[in-house]
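These notes concern the structure reproduced below.
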Amino acid sequence: DSYDMAEMGYADWGGGPVGEHASMEGMAGMHTTPVSELTADPDRTADVRATFTVRREDDGGYTVNGTSPGPLLEATLGDLVEVTLVNDNVEEGTTLHWHGVDVPNAEDGVAGVTQDAVMPGEEFVYRFVADQAGTFWYHSHQVSHEQVRQGLLGPLVVRPEQTDQGVVDEVAVIHQYDEGPTVNGESGVVASHAQVGQEVRLRVVNTDNGVNPVWVTGAPYRVLAVDGTDVNQPDEVTGDAYAVPAGGRVDLGFTVPRDGVRVDLGGSAAMTFAGDPTGGTQAIAPDSYVDLLSYGEPADLDFDPTQPDRDFEYTIGKKPGFLDGMPGLWWTVNGHLYPDVPMFMVSEGDVVTFAITNDSDDAHPMHLHGHHAVVLSRDGEPATGSPWWTDSLEVGVGETYEIAFVADNPGLWMDHCHNLPHAQNGLVAHLMYD
Ligand code: C2O
Ligand code: CU
């Protein structure tokens with residue numbers, strides 16, 4: 001019962017058993033490129049090797065090697081990463097998806113699409129080359145609206161070969177557990193070891209289902225990177241918050257002044273750097289936000305999005321119908337209820353554009369697997385700042401975003417809302433290479 005296929009009706013619809021392996025065989029009419037063609041060179045020795053044992057704990061939460069968030073997985077650009085997933089006792093099975101890393105399709109960890117869910121006592125080895133430096137995360141992609149929310153996730157950082165030795169590099173994983181909002185699994189205000197005068201790169205990962213605003217008190221900051229991609233010539237920001245979409249990441253840069261810096265993360269959790277300039281009181285977010293549409297300086301793209309080979313519309317709505325046999329009001333893509341959403345078909349090398357329109361009464365953080373897309377416009381207003389590369393794009397009520405990417409990663413890819421209950425309720429489509 002992967003949320004994508006079985007749980008959403010695919011196994012019922014395609015003939016596989018719901019609740020067990022959502023197998024490829026269960027997906028009538030679909031195919032993927034064989035694993036052997038897509039995994040990293042089997043003869044190459046891994047540079048980073050880890051075993052991640054996943055457990056469901058007595059309190060219902062999920063852990064990776066005994067903790068949630070799971071361990072920080074760190075690699076250097078170009079490393080071959082090999083992670084062995086061991087399912088200790090997760091009855092409905094589990095997988096690992098490398099959110100934001102454009103891995104080969106067979107390594108994408110989507111149960112029912114790129115692999116079977118890994119059942120208790122089973123293992124699965126993921127191998128991929130970390131060919132983009134940036135901030136990413138991993139999480140289950142099986143019954144993910146439950147497993148992710150209950151903690152089956154962790155951070156993944158790929159650093160460039162040359163790192164700036166003086167910079168304090170920290171990760172802040174925001175997650176709301178049943179007990180409340182946390183940063184790196186701790187509630188309240190967490191102190192960093194950074195010292196006065198040091199430069200900080202804070203890698204914020206939003207693992208929740210909704211936007212988390214983050215804001216910096218005590219120093220100006222820069223948005224160094226978004227969704228694992230550096231911003232070109234980021235402007236200095238003072239007083240504005242940054243809205244991190246569900247699934248999205250932002251790297252914030254600042255220098256710690258004498259009175260310290262406080263970074264509020266989602267409004268309840270915070271991190272302090274050499275003191276708390278608010279005296280421990282700040283809780284209210286500024287009401288203005290950095291707008292990436294005009295942030296930073298333009299730079300050339302390595303492709304021309306003005307003459308796309310494919311030009312798709314992805315319009316999100318809602319209508320009554322049946323999903324997995326259940327009557328209800330379900331999300332639709334171009335008027336179709338899942339799983340009867342036609343696939344977006346591309347050929348390798350195509351320049352692809354999507355106009356994503358939100359014709360519903362709720363915001364949708366849209367996540368495209370296997371690719372990063374650049375934002376061209378919002379509501380007809382062209383992007384004028386740094387190329388805004390994203391894999392997790394918040395599309396607000398009534399908004400239309402035009403995005404573009406090169407179809408350079410063959411396979412069958414999900415394109416879904418990362419408010420995971422929305423995905424469970426049908427906000428899913430697929431991109432497929434012919
Ligand atoms: Cu982070 Cu399809 O998910
Ligand atoms: Cu949604």
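Rule-based calculations on the coordinates, nothing more; no lab input. Note that this is a predicted model, so its numbers are computed, not measured. We place every Cβ from the backbone using ideal geometry, glycine too, and count neighbours over all the protein chains shown.
Computed over the range 167-290, the P(r) curve from all C-alpha pair distances, binned at 10 Å from the origin, holds 15, 51, 32, 3 percent per bin.
Averaged over residues, the count of other Cβ atoms within 10 Å places the peptides 264-274, 178-188 in the sequence 264-274, 178-188, highest first. Applying D = kT/(6 pi eta Rh) to the chain, where Rh is the Kirkwood radius over alpha-carbon pairs, T corresponds to 10 °C and eta to 1.306 mPa s, the Stokes-Einstein value obtained is 72 µm²/s.
Considering only DSSP beta bridges where both residues belong to the chain, give the percentage that are antiparallel (nearest 5).
Percent antiparallel among DSSP bridges in the chain is about 70.
Distances over 14 Å make up what percent of all Cα-Cα pairs in the range 210-261? For the range 210-261, the share of Cα pairs beyond 14 Å comes to 53 percent.
At 10 °C and 1.306 mPa s, grab the translational diffusion coefficient of the range 175-225 from Stokes-Einstein with a Kirkwood Rh over Cα pairs, rounded to a whole number in µm² per second. It diffuses with D of about 121 µm²/s by this estimate.
Return the equivalent ellipsoid semi-axes of the range 138-196 as a descending list in whole Å, where each equals the square root of 5 times an eigenvalue of the C-alpha gyration tensor.
For the range 138-196, the semi-axes come out at 27, 18, 4 Å.
The dipole here belongs to the chain: it is taken about the Cα centre, uses +1 on the Cβ of Lys and Arg and -1 on the Cβ of Asp and Glu, and is about 820 debye. Residue exposure proxy: Asp415, Asp434, Asp79, Asp309, ordered by other Cβ atoms within 10 angstrom of their Cβ from fewest to most, comes out as Asp434, Asp309, Asp79, Asp415. Kirkwood radius, the range 44-154, all distinct C-alpha pairs, inverse of mean reciprocal distance: 13.8 Å. Computed over the Cα atoms of the range 310-433, the ratio of the radius of gyration to the Kirkwood radius (Rg/Rh) comes to 0.96. Coordinate range of the alpha-carbon atoms in the range 286-336 per principal axis, descending: 49, 42, 14 Å.
Adding -39500 (n - 2.57) for every DSSP H run of four residues or longer, then dividing by how many residues the chain holds, sets the calculated 222 nm ellipticity at -500 deg cm²/dmol.
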